[in-house]
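Written below as structure tokens is the structure these notes are about.
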């Protein structure tokens, strides 16, 4: 039997698919990030199943335990607390091990916080980049913002509600005018989608917030092709006698290319 990777609701328990419910009911074993959380979903829909914890702290051990059972033909389903396992949640290790051992893997799709937030934000473009969780360190987050400033498409990230305000303030130093959306408690009773510039959202969500948070950054106004003439303009100003930092600052304000990048590239 294949390992069944099952998507579960990101909030509203009615969003689970009929196919997932049937798989969970028929599986010999259901692997859960939190058995208490999964049990609520199963009880809501009258499904009985044998549950076993599978989370970041026991993932390696459980994978070693479960691989022989999968190879023996046992029917195993994998879920996380919300969304699709292995996307910023445990599961990637088991999927990779199963495939390497010749065990087929089937994915049962369903709710996605990334795509739900992207559409709700109104910032959908031809492409988007998924960033996972934002870096915790200020230096790393600043570097990411600097990189994203030249990305001409949308970007989606997860963030802890405790770190949201701080992260927005860091992003606002680099890309203050970038359109964005803070999507909180998606599909739940107190769902909230805050839209505006990064600077505006940093002010609005400066305090502590509650619930799951997905952040969407809209398409940037600068494309990578715009950087070469901007860098040339910095070089011309420096050659004319303007201080390098001043030159980078002037060109950044006129072109939208990040000042830090212009300064570094001109060295």
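FYI, it's all coordinate maths here, none of it is from the lab. All values derive from a computational prediction rather than experimental measurement. Neighbour counts are summed over all protein chains in view; Cβ atoms, including those assigned to glycine, are modelled from backbone coordinates with ideal geometry.
Values for this structure:
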read-out	value
Choice from 83, 211, 46 with maximal GNM fluctuation in the chain (Cα, 10 Å cutoff)	46
Selected from 252, 117, 155 as most flexible by GNM, with the chain as the system and alpha-carbon contacts under 10 Å	252
Separation in nanometres of the label points that stand 7 Å from Cα toward Cβ, at residue 208 and residue 244	4.4 nm
Ratio of the Cα radius of gyration of the chain to 2.2 N^0.38 Å, where N counts its residues	1.24
Inter-label distance, nm, simple model (7 Å from Cα along the C-beta direction), residue 74/residue 260	4.9 nm
Within a Gaussian network of the chain (alpha carbon springs, distance under 10 Å), most fluctuating of 213, 251, 124	251
Inter-probe distance in nm under a simple model that places probes 7 Å from Cα toward Cβ, at residue 228 and residue 115	3.7 nm
Two-site FRET efficiency, residue 127 against residue 36, from Cβ-Cβ distance with R₀ of 41 Å, rounded to 0.05	0.60
Beta bridge orientation in the chain: antiparallel %, DSSP, nearest 5	50 percent
